[in-house]
1. For G208, what residues show an amide H to amide H distance below 5 Å, using hydrogens built from the backbone and excluding near sequence neighbours?
2. If you count, for each residue, the other Cβ atoms within 10 Å and average over each peptide, how do 241-249, 128-136 line up from highest to lowest?
3. Rounded to the nearest 20 debye, what is the charge dipole size of the chain about its Cα centre when +1 sits on each Lys and Arg Cβ and -1 on each Asp and Glu Cβ?
4. Pop out the carbon and sulfur fraction of the accessible area of the range 68-180 as a percent, whole number, probe 1.4 Å.
5. Using all alpha carbons of the range 121-163, what is the percent of pairwise distances in each 5 Å bin, ordered from the shortest bin to the longest?
6. Going by average Cβ density within 10 Å per residue, which order do the peptides 154-164, 207-217 take, highest to lowest?
7. What FRET efficiency comes out for the pair Q204/A167, r = Cβ-Cβ distance, R0 = 22 Å, nearest 0.05?
8. Per DSSP H run of n ≥ 4, the term is -39500 (n - 2.57); total these for the chain, divide by its residue number, and report the mean residue ellipticity at 222 nm rounded to 500 deg cm²/dmol.
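The values are calculated or read from the model by the stated rules, or taken from the named source; none is laboratory data. These numbers come from a predicted model, not from an experiment. Cβ: placed from backbone, ideal geometry, glycine included. Neighbour counts: every protein chain shown. What goes into the accessible areas is simple: the full protein's heavy atoms, side chains included, and nothing from ligands, DNA or RNA. Shrake-Rupley method; radii C 1.70, N 1.55, O 1.52, S 1.80 Å.
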Amino acid sequence: DASHMLLAAPLVKLSRGLPVWSNLITPLTNGDTPHVDAERATPALAALLDHLDAPVLLRGIPLQGTFWPALTATGARLKVLRRWQRASLQISGSYDQWLSANVDNKRRKEYRRLRVRLAEQGDLRSEVLGPGAPVGPWVDDFLQLEAAGWKGGRGTALNQQPGFAQALHKIAEAMHARGALRFWRIRLNDKTLGTLFAIVEVGQAWLGKIAYDEAFARFSPGVMVIFDATESLFAEPGLKLADSCAIPDHPMINNIWRDRLEMADVLVAGPSVSSLRFNATAAAENLRHKLRSTARDALMRLKGRK
């Protein structure tokens, strides 16, 4: 009975055997805080951990807010493996005030120039998904644009994962029906150049994925749609915070949204997991992360990238 559900947390068991909470709509590396009943979060989490016979890795858990205190109150064995910050937007005052305080005059002029230059090529429009409007075409736009870019070339676009496109359509329809979905796009002559969606609930917004037409990269359509979304978020009554859900040190959003959320990867285990197994799992996960980072850095050096 969904009306009595206390917790929803999708678990994915990786090849190395470590269960991981994950969300397939935002990037997997960001993780996702499980959905927990606000009034009974601690007993719900404790019940889940009592049921599991293995440590669980929680990726990208915010160290602010209500979830972290509820988790620590379970008395479960916890170990913070990694900490970092990710870009966020504290919504206070007006959009114009925020823009003046966070984007210097030179950059503001450059973004205006790019928009003017792009508009010289045809009918340029910024669009927002309206209440009651069909959401399917917006999702299709996003999926096609993402698959046409570097993610499609790498084989990681949602369209290329079995069932993911259909899942996104269903989620978007459900969230739009309850008024929790936001969608923005930049269009030139009825061609979408950049699009972004977000979920908005209980005074907070979470950005989903962004896609842009790489043939127009010199005009920064992804940046344009971020600014459009930011202006819309400032106009929403009751919104206090927007979480970028971005990877650490994201080169684009970090330079636009200057606020930060403290995040962590946390290993957690219930009473049935021995200390020996918990500590061995933590050591193995730290080693795996170190080896992966070393390999990634070597690959970047080979490609001549930082």
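1. F197, A198, I199
2. 241-249, 128-136
3. Roughly 1460 debye for the chain.
4. 52
5. Pairs per bin, as whole percents: 5, 20, 19, 18, 17, 15, 5, 1.
6. So the order, starting with the most tightly packed, is 207-217, 154-164.
7. The pair Q204/A167 has a calculated efficiency of 0.45.
8. Values: 9 runs with 115 residues, N = 306.
For the chain, the value works out to -12000 deg cm²/dmol.
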